[in-house]
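These notes concern the structure reproduced below.
The values are calculated or read from the model by the stated rules, or taken from the named source; none is laboratory data. Note that the structure is a prediction, hence the values are computed from the model and not measured. Using ideal geometry, Cβ is built from the backbone for each residue, glycine included, and neighbour counts are taken over all protein chains shown. All accessible areas refer to the heavy atoms of the entire protein, side chains included, with ligands and DNA or RNA removed. Shrake-Rupley method; radii C 1.70, N 1.55, O 1.52, S 1.80 Å.
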Amino acid sequence: MFGAPQIHSYADARAMARKYLPWMVFDYIDGAAGEGHGEAMNLSALCDIRLQPRVLVNVTKRDLGVTVFDHQAKIPFGISPMGMCNLSRPGADLMLARMAAKNKVPVGVSTVASTSLEKMIEVAEGHAWFQLYFSGSGSGTTRLVERAKAAGYRTLILTLDVPEVGRRPRELRRGFKMPFRIGPKQFVDFALHPKWSLSSLLYGKPDLANFTQPGFEFDRTESRAAADWAFLERLRDQWDGNLVAKGVTSVEDAQRLKTVGVDAIQVSTHGGRQLDSAPPPILALRDIRQALGDSFPLLYDTGIRSGEDVVKAYAMGADFVFFGRAMQFSIAAAGEAGLKQYCDLVAEEISLTLAQLGNTEMAGLSQSLAY
Ligand SMILES: Cc1cc2nc3c(=O)[nH]c(=O)nc-3n(C[C@H](O)[C@H](O)[C@H](O)COP(=O)(O)O)c2cc1C
């Protein structure tokens, strides 16, 4: 009688997702490292940034397009790589891939994605970046790189902030495992969330889709601690496409990464999921931009919830911005329609914010606007 659910903000999407998803899945997506102070501090730092409005500028025509590496994106935000997205709803990965194709923006395809890397790049019409975790001795990692190359990937994201998987108490309390197991605790949880449980039963339990063929194995709990600068140099030699180093907040690391020859740095603290005491990445972004100069490509994710947040990240020095959790919550809230509603509302907020700031394009945003 009241029509489809309406998402007007991140809080709406999260509240709807919380009702639909089993506690185990909601806490896996929503959870952070430790007590969540790092995540909260970054959200608060983002909130504290003020943008200076300007008046009497003709802002009738506003353009949200930006250049990412060698192509034009229609909107200035994409999707950060996330493992097991189909837990939020069956087919979630492909919804994200279609959103990427439609807007010509990158969708990050996780090593531990629930849809194969080959299918993702096909559905995303080439707008997919493969995300790599170094694991164990690194031999499986090398094979995955070759597989991504064969599938047509041109951009590789190397995630560097997971030398070990962070302790996330909300995940641990619910007994979340990847791939997950159904014990008595989960049985009660699933029974209390029948809509999710029925659709997941119908479509089958999501799996680690890049590891279903022989020769490819992944153990989430296996240490990733052996990755070092020598590994990065070998990877740089192996991969001639764009190489993005994700999960960086130190100016010194950023300077060395630039010297080693990565093509972009993604400033991020993994959505606050790795080190609770990490500095707010939105502030690290400003410092890294100042240290690396205007022309070095900097990408940003963590804590982005609204169009104003996107504009703030550009003003702090980002050349492109990614959403994480918010995309999964909008899908859990209302499927592909929910994802579209959320992306449309963010784009509209960005356009309105540009108007308020007296800007007609993203390229005009600079640190002089933010304080
Ligand atoms: C459920 C979930 C799974 C994630 N899986 C991965 C992953 O497999 N690889 C990776 O590099 N980052 C992963 N991330 C981190 C995201 O890429 C991104 O850094 C983070 O979600 C951004 O913060 P936000 O959620 O506050 O927007 C994951 C994040 C979430 C919420």
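The C-beta contact set for the stretch 100-121 (first residue more than 13 Å from Arg147 (Cβ to Cβ), second residue within 14 Å of the ligand (Cβ to nearest atom) and of a type in the set (Asp, Glu), distance under 7 angstrom, 6+ apart or interchain) comprises Ser114/Asp93; Thr115/Asp93.
Of everything in the stretch 149-161 that is out of contact with any Lys or Arg (no Cβ under 8 Å at 6 or more places or on another chain), open to solvent by less than 30 Å² (accessible area, probe 1.4 Å) and outside any loop (DSSP other than H, G, I, E, B), the residue that is farthest from the ligand (Cβ to nearest atom) is Thr155. Looking across Glu164, Glu146, Glu171, one residue alone is under 25 Å from the mean Cα position of the chain (by Cα), loosely packed, with under 12 Cβ neighbours inside 10 Å and not in a loop (DSSP other than H, G, I, E, B). It is Glu146. Of the residues making up the stretch 10-35, those that are under 18 Å from the mean Cα position of the chain (by Cα) and either more than 15 Å from the ligand (Cβ to nearest atom) or not in a helix (DSSP H, G or I) (or both) are Gly31, Ala32, Ala33.
Of the numbered criteria (1) in contact with a helix residue (DSSP H, G or I) (Cβ under 9 Å, 6 or more places away or on another chain); (2) surrounded by 13 or more Cβ atoms within 10 Å (Cβ to Cβ); (3) assigned to a helix (DSSP H, G or I); (4) at pLDDT 90 or above, the one Ser199 fails is (1). Would you confirm whether or not the stretch 156-174 contains a residue that is free of Cβ contacts under 8 Å to residues at least 40 places away in the same chain and more than 30 Å from Leu257 (Cβ to Cβ)? Checked the stretch 156-174: at least one residue is free of Cβ contacts under 8 Å to residues at least 40 places away in the same chain and more than 30 Å from Leu257 (Cβ to Cβ). The set of residues in the stretch 259-282 being more than 15 Å from the chain's Cα centre (by Cα) and over 16 Å from Ile157 (Cβ atoms) consists of Thr259, Leu275, Asp276, Ser277, Ala278, Pro279, Pro280.
Contact map, the stretch 262-273: first residue near the ligand (Cβ under 6 Å from one of its atoms), second residue part of a helix (DSSP H, G or I), Cβ cut-off under 7 Å, separation 6 or more or different chains; pairs are Ser268/Pro281; Gly271/Glu39; Gly271/Arg325.
Going through (1) under 29 Å from Asp237 (Cβ atoms); (2) open to solvent by less than 10 Å² (accessible area, probe 1.4 Å); (3) among the hydrophobic types (A, V, I, L, M, F, W, C); (4) within 13 Å of the ligand (Cβ to nearest atom) one by one, Trp129 falls short only on (2).
Of all residues in the stretch 202-221, those that are over 22 Å from the mean Cα position of the chain (by Cα) and either among the aliphatic types (A, V, I, L, M) or modelled with pLDDT under 80 (or both) total 5. Inspect all residues belonging to the stretch 27-37 and state whether any of them is among the aromatic types (Phe, Trp, Tyr), touching a helix residue (DSSP H, G or I) at 6+ places or on another chain (Cβ under 8 Å), over 30 Å from Phe296 (Cβ atoms) and in contact (Cβ under 8 Å) with a residue 60 or more places away in the chain. Among the residues of the stretch 27-37, at least one is among the aromatic types (Phe, Trp, Tyr), touching a helix residue (DSSP H, G or I) at 6+ places or on another chain (Cβ under 8 Å), over 30 Å from Phe296 (Cβ atoms) and in contact (Cβ under 8 Å) with a residue 60 or more places away in the chain, which makes the answer yes.
Residue-wise test of (1) within 15 Å of the ligand (Cβ to nearest atom); (2) farther than 11 Å from Pro76 by Cα; (3) of a type in the set (A, V, I, L, M, F, W, C); (4) crowded, with 24+ Cβ neighbours inside 10 Å.
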residue: Gly303; (1), (2), (3), (4): yes, yes, no, yes
residue: Glu308; (1), (2), (3), (4): yes, yes, no, no
residue: Lys312; (1), (2), (3), (4): yes, yes, no, yes
residue: Ser330; (1), (2), (3), (4): yes, yes, no, yes
residue: Gly338; (1), (2), (3), (4): no, yes, no, yes
residue: Ala347; (1), (2), (3), (4): no, no, yes, no
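Asp319: more than 15 Å from the ligand (Cβ to nearest atom) and modelled with pLDDT of 95 or more, yes or no? Considered against the rule, which asks whether it is more than 15 Å from the ligand (Cβ to nearest atom) and modelled with pLDDT of 95 or more, Asp319 comes out as yes.
One residue stands out among those in the stretch 1-59 that are of a type in the set (Ser, Thr, Tyr) and surrounded by fewer than 16 Cβ atoms within 10 Å (Cβ to Cβ): the one that is nearest to Ala337 (Cα to Cα), which is Ser9.
When every residue of the stretch 342-361 is checked against the conditions, none turns out to be acidic (Asp, Glu), at pLDDT 95 or above and under 27 Å from Arg167 (Cβ atoms).
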